[in-house]
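Okay, so here's the structure we're looking at.
The values are calculated or read from the model by the stated rules, or taken from the named source; none is laboratory data. Worth saying up front: this structure is predicted, and the values here are computed from it rather than measured. Here the Cβ positions follow ideal geometry from the backbone for every residue, glycine too, while neighbour counts run over all protein chains shown.
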Amino acid sequence: MYTGEKLSLTKIENNFLELNFNSAEGSVNKLDKQTLDELHTAIELAQESLDVAGLLITSSKNAFIVGADITQFKQMFDASEDQFLDSARHINGMMSAIEDMPFPTVVAINGFALGGGLEVCLACDIRIISTNARIGLPETGLGILPGWGGTVRLPRLSDFATAVEWITTARQYSAQQAFKSGVVDKVVEPNQLRAEALQQLNDMTSGSIDYCLTRKRKLSPINQAQTEIDAIANMAKAVVTQKTAGHYPAPIKAIELMSQSALLARDEAIQKEAGVFYELSQSSEARALIGLFVGDQYVARKAKGYAKQIDNPLPEIAQSAVVGAGIMGGGIAYQSVTKGCPVVMKDIAQPALDLGLNEADKLLQKIVSKGKLDTQKAAAILAMIKPTLNDQDLDNAQFVVEAVVEHLPIKNTVLSALDKQLSDDAIIVSNTSSISINQLAQSLQKPERFCGMHFFNPVHVMPLVEVIRGEHTSDQTIAAVCNHALRLGKKPIVVNDCPGFLVNRVLFAQCFAMELLLRDGVSFQQIDQVMEQWGMPMGPAYLMDVVGLDTIVHCYSVMSEGIPERFVYDDTTPTEILLKSGRQGQKNAKGYYSYTPSKGGRPEKTIDKDSIELLESVAGKHREIDPQTIIDRLLLPLAIEMNHCLDEGIVDTAIEADMALIWGVGFPPFRGGICRWMDEQGIANICQRADYYSDIAQLYQPTESMRKMATTVSKFYP
């Protein structure tokens, strides 16, 4: 009856129609503009068709529909309010048309049905789902809400509490979870999906199943008392606020919307939903979170693309190795074997090997304790790590991560030996966090097969891997390292060599700025509190304790030597004063704070009078200042240093710069990254605020590129 590029409408047996989603582009179905246009045509044809007994909705892809095309959100969000609401009315009209068909409808859900894809399913009379399918409404995770009837239909199909949980958590749910929640009607094996969906259609047309009862429930107010709904809503808002500290408005708005719409009929509730959808679409949080989704895809595409740009990409790594065990080496080894890549873990000391192996075992046992892995499988995975003190066990390694102590002479010795021992095809990478890759490459005869591969600690948690290109690193090496990082489940971003590379360089600009605040007598407790309230996972003083004050001071010397015009401190820094008094941070249970083990074994921080007295002895009695001053004095140097990195080509794009900070140090996702934050603040405003503090240090001097952007009213994300 109709065949488009995205879907088709066909007459099949028993006078049924089949609406089949099968996009000619890509491996998945998305609800992009063309798909929605074709869906409108197909719906009109179905409505006008005579002698139709029922409608079956299917997908020929491995997934049903993965949601709307987020790359087209910008055009939709840039529309005026009237245009936006007109578009919402049009799309909601199609969903309601499916729901109001003059014959029964059933959907066969395979693979993923997410966002708008699930909203299509909710409009049908019956939902049959494959055992391997997953469904969900992820919109609040993007700073918006389900805008095509999801907030209206879901609570009427299941119940109010279930709908609130599904929508506010933005999680995906298994077929069994969806069935238990009442969101789908039957779970079947994949090979039975179509047959069962057709059987359900036959049962509805014969009258064995009264689909009109379901329709009546979806068209009517929710069958729960408003007092009960309000109690659930208030409890849910309290839970969300506790988790998000109020930084993510979408889940709260969704709860309020569903509560206010609970006793409305369908069409009135859908109209209310569209208004809140528009309101959220204009928020900075939505711009940030949608930008991160797009940024994630961009980084993955770019990482995969390096191999496509060269003639002879290297094959997938079959045998890897880590030289230097301990916590970090064990973490890297664990990451390798959990992704199916055997690894040799080499060290010169048995205690270090034991520590590394214990780290990997501890991480595996955590998964076992959660019921996600059985003991036998965990043991088999751990057995893929071969601990050794013998250099010869590295002979067959194709990919070696050097993770020894952060000391140039030791690294040079280890790298030189590896360079001589390994085959000409083997790749060597250094997990250094601060030492120049070009400097390390001087110890190698094959520097083209060498680059930096900076994992962030803890390895199993932090997504980012900085791939640091040296001046001699070949494109083939970069491609192979990026591919291996992707295989390990990491997010590789290629940067050029410089002091601190990308993330640590800009982070240490902020650390230097904190030292200047401490010099002025500002309380480190207030600094941490303000920055955590702003959205950082931990304040800078707490972060320094976690990293280790000895490591911080060492990195200060690297930064001061490499970029002396900005990374300069005229006297002993407050952190050095604490270190000289024997305070190293969490590693010896005393730094800015003191630490005691909690019940779960994690270090728990408490205020330490001794550290306060030490700092007050050089900076005077601690005082508190305006929180915005703290935010400006810490963020402006970070922002300015990131502009230096972009100007110098250390990182290619603002997208990669932002993603690196979010994945590497937990920069608040709802802020979208430092470049997105500058856009939201306005570059001219940033420059003006930086100029106000320019007498304090060179760190506050905006770059020429920033001045130009301010003059031309440019943005990183136009």
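Some observations on this one:
- K6 closer than 21 Å to G115 by Cβ and not aromatic (F, W, Y): yes
- Helices (runs of 4 or more DSSP H) fully within region 131-241 counting 1 or more residues that are in contact (Cβ under 8 Å) with a residue 60 or more places away in the chain and within 27 Å of G291 (Cβ to Cβ): 150-157, 160-169
- Region 380-408: number of residues that are within 30 Å of the chain's Cα centre (by Cα) and among the small types (G, A, S): 2
- Residue check, Y717 of a type in the set (F, W, Y), in contact (Cβ under 8 Å) with a residue 60 or more places away in the chain and assigned by TED's automatic domain parsing to the domain that holds I527: no
- Top-ranked residue in region 530-557 [being in contact (Cβ under 8 Å) with a residue 60 or more places away in the chain and more than 14 Å from L507 (Cβ to Cβ); ranked as surrounded by the most Cβ atoms within 10 Å (Cβ to Cβ)]: D545
- Wholly enclosed strands (runs of 3 or more DSSP E) of region 379-440 bearing at least 2 residues free of Cβ contacts under 8 Å to residues at least 60 places away in the same chain: 385-388, 427-430
- Residue match in region 1-23 (condition: part of a helix (DSSP H, G or I), buried (at least 19 other Cβ atoms within 10 Å of the Cβ), touching a strand residue (DSSP E or B) at 6+ places or on another chain (Cβ under 9 Å) and at pLDDT 95 or above): no
- Taking the criterion of being under 19 Å from H454 (Cα atoms) and either surrounded by 14 or more Cβ atoms within 10 Å (Cβ to Cβ) or touching a strand residue (DSSP E or B) at 6+ places or on another chain (Cβ under 6 Å) (or both), the residues of region 393-407 that qualify are Q398, F399, V400, V401, E402, A403, V404, E406.
- Every condition in (1) in the same structural domain as E641 (by TED's automatic domain parsing); (2) in contact (Cβ under 8 Å) with a residue 40 or more places away in the chain is met by I683 except one, and the failing one is (2).
- Residue count, region 561-606 (criterion: in contact with a strand residue (DSSP E or B) (Cβ under 8 Å, 6 or more places away or on another chain) and part of a loop (DSSP other than H, G, I, E, B)): 8
- Residue in region 89-108 that is within 19 Å of L289 (Cβ to Cβ) and either surrounded by fewer than 24 Cβ atoms within 10 Å (Cβ to Cβ) or of a type in the set (A, V, I, L, M, F, W, C) (or both) present: no
- Only one of the listed residues (L373, L382) is among the hydrophobic types (A, V, I, L, M, F, W, C) and modelled with pLDDT under 95. That residue is L373.
- Test result for G452, assigned to a strand (DSSP E or B) and either under 26 Å from I640 (Cβ atoms) or without any contact (Cβ under 8 Å) to a residue 40 or more places away in the chain (or both): yes
- Flag if E359 is acidic (D, E), within 27 Å of the chain's Cα centre (by Cα), crowded, with 21+ Cβ neighbours inside 10 Å and modelled with pLDDT under 95: yes
- Scanning region 600-611 for residues that are β-branched (V, I, T) and either in contact (Cβ under 8 Å) with a residue 24 or more places away in the chain or crowded, with 19+ Cβ neighbours inside 10 Å (or both) yields one hit, I607.
- Taken over region 242-255, the criterion of being surrounded by 15 or more Cβ atoms within 10 Å (Cβ to Cβ) and either modelled with pLDDT of 95 or more or assigned to a loop (DSSP other than H, G, I, E, B) (or both) is satisfied by H247, Y248, P249, A250, P251, I252, K253, A254, I255.
- Hits in region 455-491 - residues which are crowded, with 19+ Cβ neighbours inside 10 Å and among the hydroxyl-bearing types (S, T, Y): T473, T477
- The set of residues in region 109-157 being within 20 Å of F21 (Cβ to Cβ), among the basic types (K, R) and surrounded by fewer than 24 Cβ atoms within 10 Å (Cβ to Cβ) consists of R134 alone.
- Per-region count, region 558-599, residues at pLDDT below 95, surrounded by fewer than 16 Cβ atoms within 10 Å (Cβ to Cβ) and hydroxyl-bearing (S, T, Y): 3
- Screening region 158-193 for residues that are of a type in the set (G, A, S) and over 11 Å from R127 (Cβ atoms) and picking the one that is surrounded by the fewest Cβ atoms within 10 Å (Cβ to Cβ) gives S174.
- Residues of region 318-356 satisfying the condition of being surrounded by 21 or more Cβ atoms within 10 Å (Cβ to Cβ) and charged (D, E, K, R): K346, D347
- If only residues of region 115-130 that are part of a helix (DSSP H, G or I) and closer than 13 Å to A175 by Cβ are counted, the one that is nearest to the chain's Cα centre (by Cα) is L118.
Residue-wise test of (1) among the polar types (S, T, N, Q); (2) not assigned by TED's automatic domain parsing to the domain that holds H484.
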residue: D296; (1), (2): no, yes
residue: Q309; (1), (2): yes, yes
residue: P313; (1), (2): no, yes
residue: A325; (1), (2): no, no
residue: G330; (1), (2): no, no
residue: A333; (1), (2): no, no
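- Taken residue by residue, region 61-81 has no member that is closer than 22 Å to T205 by Cα and either in the same structural domain as R127 (by TED's automatic domain parsing) or not small (G, A, S) (or both).
- Each residue in region 266-294 was checked for being hydrophobic (A, V, I, L, M, F, W, C), crowded, with 20+ Cβ neighbours inside 10 Å and more than 23 Å from I222 (Cβ to Cβ), and 5 pass.
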